[in-house]
Amino acid sequence: MKITKTMYGNSFSREELYAYNTNLIANTQKKSNSSPWLKEAYRYDSYGNVTSKSLSGLGITMCTIFFSTLIYDLKKRNPHKH
């Protein structure tokens, strides 16, 4: 998807690409104007919850963010929810 807007005679554009794996976003790529692509990769648990997100791109050090997940029972319910 590419979006271009013009303000005061200056043009600004943003582009985003998405890749899916079993209806979940696997990777994204984003950039604005002439900047390099920022890439994001996602990992999920068996319930479809995001467990990690990795960021990379030209000129930046790759980093990974890990998310804690809840423990679910066999019926996919959160046993700690009241």
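Suppose R0 equals 30 Å; then what is the FRET efficiency for Phe67 and Ser11 from their Cβ-Cβ distance, rounded to the nearest 0.05?
Step by step, r from the Cβ atoms, then E = 0.25.
Given a cut-off of 26 Å, name the pairs among Lys30/Lys75; Lys5/Lys53; Lys30/Lys53 whose C-alpha atoms lie farther apart than that in the structure shown.
Over 26 Å Cα-Cα: Lys30/Lys75; Lys5/Lys53.
Can you tally the net charge around Ser54? Count Lys and Arg as +1, Asp and Glu as -1, for every other residue whose Cβ sits under 13 Å from the Cβ of Ser54.
Net charge in that neighbourhood comes out at +2.
Sequence gap at least 6, Cα distance under 8 Å: using those rules, report the relative contact order of the chain to the nearest whole percent.
About 15 percent, as a whole number.
Every read-out reported here was derived from the displayed coordinates using simple, explicitly stated rules and does not represent laboratory data. Here the structure is a predicted model, which means the values were calculated and not measured. When we count neighbours, we look across all protein chains shown, and the Cβ atoms used for this are built from the backbone with ideal geometry, even at glycine.
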